[in-house]
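Presented below is the structure to which this report refers.
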Amino acid sequence: MCAIIHFGTDGWRARVDGDFTINNVARVTDAIGRLWQKTNPGKTVYVGFDTRPQAREFAELAAGVIAAHGLDAVLVSRPVPTPALTWAAAYDGEACGALMVTGSHHPQGYLCLKLRMGDGSTANQDVIEELEETMAAEEEALEEAEELRVTPRAAAVAGPTRPSTVRPLFF
């Protein structure tokens, strides 16, 4: 059974030794990728990370999932603060948003997937509800797939990243 994921005002957070897993990050990023590909096909998404343990690996996963949706994933080359990534997305006319893997102000052991829209703002309630509905529908499909032993969509999307699909961003 999948974890129930709810977004807060800034995105989604969980304990790294709990629900912040490869599968859940792929699920969240898959829902975001589907939404942005539907509303902003082919646009750029900036993906960043901070210095927390495993933040880089989760950002690489998120960039791969975003790229699998046909969006132009731009992954930072080194840890950056959230405002720098937000600024890069907000001032790029081709960007539809940004994803930041960060511990933010939370205690050690937590990671967050912060979601920023193309203007640098946080997601509004309509966007959050659409993402949560998408993930709830995905959870139902995953449960059915487990019964039928079919490969879940999020796991297929989160497969190996082709290096040519994610562009580096050098700060």
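The values are calculated or read from the model by the stated rules, or taken from the named source; none is laboratory data. Since we're looking at a predicted model, the values are computed, not measured. Note that each Cβ is placed from the backbone with ideal geometry, even for glycine, and that neighbours are counted across all protein chains shown.
Here are a few things to note about the model shown:
- Residue count for region 27-50, restricted to those that are among the hydroxyl-bearing types (S, T, Y) and surrounded by fewer than 18 Cβ atoms within 10 Å (Cβ to Cβ): 1.
- One residue from V101, V16, V45, V74 being among the β-branched types (V, I, T) and at pLDDT below 95: V16
- Flag for R27 being among the basic types (K, R) and in a loop (DSSP other than H, G, I, E, B): no
- When D92 is tested against (1) under 20 Å from T165 (Cα atoms); (2) touching a Pro at 6+ places or on another chain (Cβ under 8 Å); (3) of a type in the set (D, E, K, R), exactly one condition is not met: (2).
- Taken over region 51-71, the residue count meeting the criterion of being out of contact with any helix residue (DSSP H, G or I) (no Cβ under 7 Å at 6 or more places or on another chain), surrounded by fewer than 20 Cβ atoms within 10 Å (Cβ to Cβ) and either farther than 19 Å from C112 by Cα or among the charged types (D, E, K, R) (or both) is 3.
- In region 56-109, residue farthest from T21 (Cα to Cα) [restricted to those that are small (G, A, S) and more than 16 Å from the chain's Cα centre (by Cα)]: G93
- Region 75-103 residues that are under 20 Å from V65 (Cβ atoms), paired with ones that are part of a strand (DSSP E or B) and acidic (D, E) (beta carbon under 8 Å, 6 or more apart): E94/D72
- Subset of region 30-58 [small (G, A, S) and part of a strand (DSSP E or B)]: G48
- Criterion violated by G11 - all others in (1) within 21 Å of G120 (Cα to Cα); (2) among the small types (G, A, S); (3) more than 14 Å from the chain's Cα centre (by Cα) satisfied: (3)
For every residue, the table says whether it meets (1) under 18 Å from R15 (Cβ atoms); (2) in a helix (DSSP H, G or I); (3) of a type in the set (D, E, K, R).
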residue: A63; (1), (2), (3): no, yes, no
residue: I66; (1), (2), (3): no, yes, no
residue: V74; (1), (2), (3): no, no, no
residue: V80; (1), (2), (3): no, no, no
residue: L85; (1), (2), (3): no, yes, no
residue: D92; (1), (2), (3): no, no, yes
residue: G97; (1), (2), (3): no, no, no
residue: H106; (1), (2), (3): yes, no, no
residue: L115; (1), (2), (3): no, no, no
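- When each of E133, E139, E129 is tested for being in a helix (DSSP H, G or I), among the charged types (D, E, K, R) and at pLDDT below 85, the lone residue that passes is E139.
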